[in-house]
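Colleague: Dumping the structure here so I can ask a few things about it.
Each reported figure results from applying straightforward, stated rules to the coordinates on display, with no laboratory input. In this text, all values refer to a predicted model and were calculated from it rather than measured experimentally. Note: ideal-geometry Cβ built from the backbone for every residue, glycine included; neighbour counts use all protein chains shown.
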Amino acid sequence: MALNGKTAVVTGAALGIGRAITEILVQNGAKVALLDVNEAEAKALKKALDKQYGQEKTIVIKCDVESEEQIKAALQKTADTFGGIDIVCNNAGILNEGEWEKTVSINVLGVIKVTYLALKHMNKLTGGRGGVMVNTASMAGLGPFLTCPVYSATKHAVVGFTRSMALASAVSDYGIRFNAVCPGFVETDLKVKFPFKLGQFSHLSDVGKEMVEQMGTIQPSVVAECVLELVTDETKNGDHLLVKHNEKSYVTFPEVL
Ligand SMILES: NC(=O)c1ccc[n+]([C@@H]2O[C@H](COP(=O)([O-])OP(=O)(O)OC[C@H]3O[C@@H](n4cnc5c(N)ncnc54)[C@H](O)[C@@H]3O)[C@@H](O)[C@H]2O)c1
Ligand SMILES: CC/C=C\C[C@H](O)/C=C/C=C\C=C\C=C\[C@@H](O)[C@@H](O)C/C=C\CCC(=O)O
């Protein structure tokens, strides 16, 4: 998929991995709607992108992915502004074991809400032009993550949802691919804050820090390059790209049927 003339929606676009995803999509010719609760940071990113690529390439829409109403309005504004939606990056997410219900609400329900509402715009069976959705899961969605059980559960949910949507879409002829990126530790605010967000597992903070030391970290731009690959390679559907400190690989899942 060439990105010129394509429209992308990125949630959690203002900072961290979402910022890097937004940048690489604009750099490669896409128009991007930046959805985030942090409107100020999203506008700051747009200001920087405007200087390099022009004001018409991006819009900022304040949107909390916990709110179906805000998501619906943001997707409609995107479609009205750019003429449709081709790409969705469900990136917004938090790690907070002390506020685990909010973590589930954002990381799981938010991904589902954005996916289902975006389907109405993208599904070829309902007048859409197809496209691709790339979800930001995690290495913690592929195996146990002892310091953050609920966070790990949310990312396992994203993996299962992505794989299932990929199959449902293919069989239903929606014309939409579904993939996920599964990063290890990435140098963002979330990583900086995570030792203080362990709730009842705060006694495991040193264990988490040791894991980061052992596994090393990744720059957000490296994750964004993986997302670009999952967006543009039209052979990828139901694929999960694991990216760790010094390598990236496609995950193979056990055959269960
Ligand atoms: N940092 C890591 O080590 C790492 C590794 C693997 C996966 N991830 C995942 O990557 C994604 C991005 O994380 P990050 O590390 O860039 O975090 P970050 O905290 O640096 O950025 C998250 C962005 O999402 C926004 N956001 C938070 N809640 C929101 C909501 N309810 N609605 C809309 N926007 C919201 C924030 O304002 C922020 O701009 C998350 O899904 C996270 O789970 C992070
Ligand atoms: C710094 C922020 C902390 C967490 C957020 C983010 O999602 C990062 C998670 C990073 C690492 C998680 C590691 C989990 C490791 C084990 O559970 C292991 O079972 C992972 C499973 C498969 C990995 C496959 C492989 O290593 O090849």
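Colleague: In the structure shown, do any of LYS124/LYS244; LYS72/LYS209; LYS46/LYS209; LYS43/LYS244 have a Cα-Cα gap over 32 Å, and if so which?
Modeller: With Cα atoms farther than 32 Å apart: LYS124/LYS244; LYS72/LYS209; LYS46/LYS209.
Colleague: Please compute the net charge surrounding GLY128, taking Lys and Arg as +1 and Asp and Glu as -1 over other residues with Cβ under 14 Å from its Cβ.
Modeller: Residues close to GLY128 contribute a combined charge of +3.
Colleague: Additional query: If you bin the C-alpha pair distances of the stretch 171-257 every 5 Å from 0, what whole percents do you get?
Modeller: Result, from short to long distances: 3, 12, 18, 18, 16, 13, 10, 6, 3, 0 percent.
Colleague: Let me know the charge dipole size of the stretch 7-243 about its Cα centre in debye, to the nearest 20, where only the beta-carbon of Lys, Arg (+1) and Asp, Glu (-1) is charged.
Modeller: 440 debye
Colleague: Can you pull out the GluC sites (Glu not before Pro) in the stretch 205-250 whose DSSP state is coil and whose Cβ has at most 15 other Cβ atoms within 10 Å?
Modeller: GLU234
Colleague: Still on this structure: Would you mind computing, in nm to one decimal, how far apart the modelled labels at ASN246 and ASP233 are, each placed 7 Å from Cα along Cα→Cβ?
Modeller: It is 2.2 nm.
Colleague: State the percent of C-alpha pairs, over all pairs in the chain, separated by a distance greater than 34 angstrom.
Modeller: Details: 3890 of 32896 pairs.
Counting every Cα pair in the chain, those more than 34 Å apart make up 12 percent.
Colleague: For the stretch 60-116 and the stretch 155-208, what is the separation of their Cα centres, given in Å?
Modeller: The stretch 60-116 and the stretch 155-208 have Cα centres separated by 14 Å.
Colleague: For the Cα atoms of the chain, what angle does the longest principal axis make with the long axis of helix 205-215, in degrees from 0 to 90, nearest 10?
Modeller: Result, in degrees: 70.
Colleague: Over the chain, what is the percentage of antiparallel beta bridges among all DSSP beta bridges, to the nearest 5?
Modeller: Around 10 percent antiparallel, to the nearest 5.
Colleague: Which loop chymotrypsin sites (Phe, Trp or Tyr not before Pro) in the stretch 168-257, with loop taken from DSSP, have no more than 14 other Cβ atoms within 10 angstrom of their Cβ? Could you put the intermediate results ahead of the total?
Modeller: Numbers: sites: TYR174, PHE178, PHE185, PHE196, PHE201, TYR250; in loops: TYR174, PHE185.
Passing both the DSSP loop test and the Cβ count: no residue.
Colleague: Between ASN4 and GLN55, what is the label-point separation in nm under the 7 Å Cα-to-beta-carbon projection?
Modeller: 2.5 nm
Colleague: While we're looking at this one, here's another question. At 7 Å along the Cα-to-beta-carbon direction for both GLU68 and ILE112, put a label point, then send me their distance in nm to one decimal.
Modeller: 1.1 nm
Colleague: Estimate the FRET efficiency between GLU255 and THR81 by the formula 1/(1 + (r/R0)^6), using the beta-carbon distance for r and 41 Å for R0, to the nearest 0.05.
Modeller: Once the sixth-power term is evaluated, E becomes 0.40.
Colleague: Taking R0 as 25 Å, what FRET efficiency do you get between LYS124 and GLN219 from their Cβ-Cβ distance, rounded to the nearest 0.05?
Modeller: 0.10
Colleague: I need the Kirkwood Rh of the stretch 1-145: take the reciprocal of the average 1/r across all distinct C-alpha pairs and report it in angstrom.
Modeller: Values: mean 1/r = 0.0656 Å⁻¹.
This gives a value of 15.2 Å.
Colleague: Quick one: net charge around PHE194, please, counting Lys, Arg +1 and Asp, Glu -1 for every other residue with C-beta under 11 Å from its C-beta. Intermediate values should be presented prior to the final figure.
Modeller: Values: positive: LYS191, LYS193, LYS197, LYS209; negative: GLU97, ASP189.
Net of charged neighbours comes to +2.
Colleague: Against the longest principal axis of the chain, how steep is helix 110-122, in degrees 0 to 90 to the nearest 10, with axes from Cα atoms?
Modeller: With rounding to tens, the tilt is 20 degrees.
Colleague: Next up: What angle do you read, to the nearest 10 degrees and between 0 and 90, between the alpha-carbon axis of helix 68-82 and the longest principal axis of the chain?
Modeller: 40 degrees
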